[in-house]
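The values are calculated or read from the model by the stated rules, or taken from the named source; none is laboratory data. The structure displayed is predicted, hence computed values, not measured ones. We place every Cβ from the backbone using ideal geometry, glycine too, and count neighbours over all the protein chains shown.
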Amino acid sequence: MSSPDQENTFREIERPFINGDRPILPIPQRHGFVTGWLKFMMIGGSAGILIYLFAASKIMEILKISSIVFVALIILLILKLVFTIMLFRWNKNGFYGLFATTVIGFIINSQIGVKPLVCMASFVGIGILYAILQIKKGGRSTWYYLK
C-alpha cells in the first residue's frame, strides 16, 4: 500500500501486465510559469486569428500577398493554436506540430520577401518554448510528463 503522501503525488494506471503488477506513475504537474506561458500562447494565437480574419484586406494590402498565401497563414495560425492546446493537454505531438508549423511559416515568409533575420526569429520562439518546458516542478520537467 502507498502512504497518504504518495496518494497525493502518484496515481495508479490500470494496464494488464504479465506479472499482474500495475505501474504507479506520477500525476502530471507543471510549473505555474509553464501553465501561464501556454495560456499566453493560446490567448495570443486566438487574438492573431481574429485580427487576421477581421482585418484581412488591410493585412493583404500591407503585406502585398495573394489571398492563397493569406489563407495559408490563417491555417498556420489555427494549427498553432491547436498544437498549443495539445501541449496544454500533455501531448508532446503539440510541440512537434508547433515546430513543423514554424518551419512551414519560415518557408512561406521567406518566399513572400520577409527578411531572413525576421524569418529566423520564429525559431528562437520554439527554442524558448522548449526551454520553458524544461522548468521543473516536483523534481520533473513538463517535458518529462508529455506523452
Kindly establish whether Val69 is at pLDDT 95 or above and either more than 20 Å from Lys147 (Cα to Cα) or of a type outside the set (S, T, N, Q) (or both).
no
Search result, residues across the range 59-80 that are among the small types (Gly, Ala, Ser) and over 16 Å from Gln111 (Cβ atoms):
none
Can you tell me which residue among Lys92, Lys64, Lys80 is of a type outside the set (Val, Ile, Thr) and at positive phi?
Lys64
Give the range 106-146 a look and list any residue that's outside any helix (DSSP H, G or I) and over 18 Å from Leu81 (Cα atoms), or say none.
Ile112, Gly113, Val114, Lys115, Gln134, Ile135, Lys136, Lys137, Gly138, Gly139, Arg140, Ser141
Return the pairs, sorted by first residue and then second, in which the second residue is in a loop (DSSP other than H, G, I, E, B) and among the hydrophobic types (A, V, I, L, M, F, W, C), the first residue lies in the range 27-47 and is within 16 Å of Lys92 (Cα to Cα), the beta carbons are less than 7 Å apart, and the residues are 6+ apart or on different chains.
Pro28/Trp90; Val34/Ile135
Given the condition in contact with a Gly (Cβ under 7 Å, 6 or more places away or on another chain) and on the phi < 0 side of the Ramachandran plot, answer yes or no: does some residue in the range 107-123 qualify?
yes
Residue within the range 107-120 that is surrounded by fewer than 14 Cβ atoms within 10 Å (Cβ to Cβ) and within 20 Å of Lys39 (Cβ to Cβ) present
no
Candidates Lys80, Lys58 - the one that is outside any loop (DSSP other than H, G, I, E, B) and closer than 26 Å to Lys137 by Cβ
Lys80
Name the single residue, out of those in the range 30-60 being of a type in the set (Ser, Thr, Tyr) and surrounded by fewer than 16 Cβ atoms within 10 Å (Cβ to Cβ), that is nearest to Ser122 (Cα to Cα).
Ser46
Quickly run through the range 106-141 and pick out the residues that are in contact (Cβ under 8 Å) with a residue 40 or more places away in the chain and touching a Ser or Thr at 6+ places or on another chain (Cβ under 6 Å).
Leu133
Which ones in the range 83-105 are without any contact (Cβ under 8 Å) to a residue 12 or more places away in the chain and either in contact with a Gly (Cβ under 7 Å, 6 or more places away or on another chain) or in a loop (DSSP other than H, G, I, E, B) (or both)?
Met86, Arg89
